[in-house]
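The block underneath contains the structure these notes are about, expressed in structure tokens.
Please treat every number below as a calculation from the coordinates, not as lab data. Quick caveat: nothing in here was measured; it's all calculated off a predicted structure. Glycine also receives a Cβ, built like all others from the backbone with ideal geometry; neighbour counts cover every protein chain displayed.
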Amino acid sequence: MAPVERPRLSLTERLYLPQIVQGLAVTTRHFARNLTLHTLHLFGLARDRRAAVTVQYPEERKVYSEGYRGAHRLTLKPDGSVRCTACFLCATACPAKCINIEAGEHPDPEVEKYPVRYEIDTLQCIYCGMCVEACPCDAIRIDTYVHPRIWGYRREDFVESKAVLTGRSRVLMERGHDALMEDMQRAYQEAEVAAGRGTLTGPGGGST
């Protein structure tokens, strides 16, 4: 097999100066355009022209794709009980070791066990989807189309309990995907107001 000949670079290409100048020109052009439009918007002018392409969350919402790996949820049986059988396969497959399960004897003799406690530490989770792949009974999914909650002042604020995970499934069944994002944005706004008053509490109810 003949060796591949690499193209020879000129002196200016080896110095990378043209590429640096081109990059600076693009950055300067965007900066000048956005600064001009933002200034005009302050005076009520050029309102029909958007200055920046950044999504102004939470006032604006980005529509996630079908394959987006969002916040977790525990699926439910038709009777409303959790589908998980506490087999620990998801916790075993998790490369980040962020899933903690405490199994208990199920009151129904037809079912061997169920998760008394099911927690996911979202600070450790890498959202790889291995837990979903490992589950033999489709008990955990990441199809909520909402990003993980990103506010809190204690590590406990980022640990999602069984009640939170099953609650997402109930919201999906009763109110749809949009309701999950609406609830999250409402929680952000309430937290912002509480922080301004100095009475912010975490999801567990503790004062921070």
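Across Ala51, Ala163, Ala96, mean-square fluctuation computed from a Gaussian network of the chain (C-alpha pairs under 10 Å connected) peaks at Ala51.
Looking at the range 74-121, which trypsin sites (Lys or Arg not before Pro) are in a loop (DSSP not H, G, I, E or B) and have at most 15 other Cβ atoms within 10 Å? The partial results should precede the final answer.
Working: sites: Arg83, Lys97, Lys113, Arg117; in loops: Arg83, Lys97.
Passing sites in the range 74-121 are Lys97.
How would Lys162, Lys77 line up from fewest to most surrounding beta-carbon atoms within 10 angstrom?
Starting with the residue having the fewest Cβ neighbours, the order is Lys77, Lys162.
For Val116, the residues 5 or more places off, or on other chains, whose built amide H falls under 5 Å of its own are Glu102, Ala103, Gly104. As a proxy for reagent exposure, Thr27, Thr166 were ordered by neighbouring Cβ count within 10 angstrom, fewest first; the result is Thr27, Thr166. Annotation: Cα Rg of the range 39-107 relative to the compact-globule expectation 2.2 N^0.38 Å equals 2.06. The label-point distance for Leu42 and His106, in a model that sets each label 7 Å from Cα toward Cβ, rounds to 6.4 nm.
Estimated at 0.36 nm per residue, the fully extended path between Ala187 and Ile126 surpasses their Cα-Cα distance by 19.6 nm. Once the convex hull of all Cα atoms in the range 65-153 is built, its volume per residue stands at 115 Å³.
Normalising the average separation of contacting C-alpha pairs (under 8 angstrom, six or more residues apart) by the number of residues puts the relative contact order of the range 73-197 at 27 percent.
The calculated 222 nm mean residue ellipticity attributable to helices in the chain amounts to -11500 deg cm²/dmol, summing -39500 (n - 2.57) over DSSP H runs of n ≥ 4 and dividing by all residues. Based on every Cα atom in the chain, Rg and the maximum pairwise Cα distance Dmax equal 24.7, 79 Å. How big is the gap, in Å, between the Cα center of the range 150-196 and the Cα center of the range 97-125? Each part reduced to its Cα centre gives a spacing of 20 Å. With neighbour counts taken as other beta-carbon atoms within 10 Å, the residues Phe43, Phe31, Phe158, Phe88 rank, fewest first, as Phe43, Phe31, Phe88, Phe158.
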